[in-house]
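Comments concern the structure below.
The values are calculated or read from the model by the stated rules, or taken from the named source; none is laboratory data. All values derive from a computational prediction rather than experimental measurement. With ideal geometry, Cβ positions are generated from the backbone for all residues, glycine too; neighbour counts draw on all protein chains shown.
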Amino acid sequence: MDFFTRFLTAILSAVIFSIGTTLWLTDWVNPFWMEAFVVGLYAFGSLFFAGIPYSYLADWIMSRLNRSNYWGNLLLYALGGLITNPFILLLMLDQGFIFDARAFAVLGIIAALIFYHVKVSLTWGMKKLGYEY
């Protein structure tokens, strides 16, 4: 998968994650789209600067193991959601493993799994359209 496809995956994943997270966690005091935009900016930044490189690493690891099954990729991407989430790392360094760190860990895993499923869907769709890379 080339960089353009992963970049498109990061954009779509950030939109899905921001809308879903805002619907789930909003207090409805601020305008919905403002909260979704702020969450989307953080999500896109995290997915672009950490998710895309980790995606290359995860695909390389699976190719070196000569395996490319769904569950292995799912586990590897979930681990990537923990490792690449900067908020969880900052909270753990500052205050130890507290509730906020667990909440950000769950959100990191969710974002990583959304990224993985969007990547698989885009790859499948591009193959159906005849785009080979």
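Tabulated data for the structure shown
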read-out	value
Matching residues, region 26-56, being over 14 Å from the mean Cα position of the chain (by Cα) and not β-branched (Val, Ile, Thr)	27, 28, 30, 31, 32, 33, 34, 35, 36, 37
Among the residues listed as 63, 46, 55, the single one being within 16 Å of residue 117 (Cβ to Cβ) and of a type in the set (S, T, N, Q)	55
Filtered residue count, region 21-41, keeping only those that are in contact with a helix residue (DSSP H, G or I) (Cβ under 8 Å, 6 or more places away or on another chain) and of a type outside the set (A, V, I, L, M)	7
Residue 13, sole failed condition from (1) crowded, with 18+ Cβ neighbours inside 10 Å; (2) over 23 Å from residue 121 (Cα atoms)	(2)
Residue 62, sole failed condition from (1) in contact with a Ser or Thr (Cβ under 8 Å, 6 or more places away or on another chain); (2) closer than 21 Å to residue 124 by Cβ; (3) crowded, with 19+ Cβ neighbours inside 10 Å	(3)
Wholly within region 12-122, helices (runs of 4 or more DSSP H) carrying at least 1 residues that are modelled with pLDDT of 90 or more, of a type in the set (Phe, Trp, Tyr) and in contact with a Phe, Trp or Tyr (Cβ under 9 Å, 6 or more places away or on another chain)	52-64, 70-83
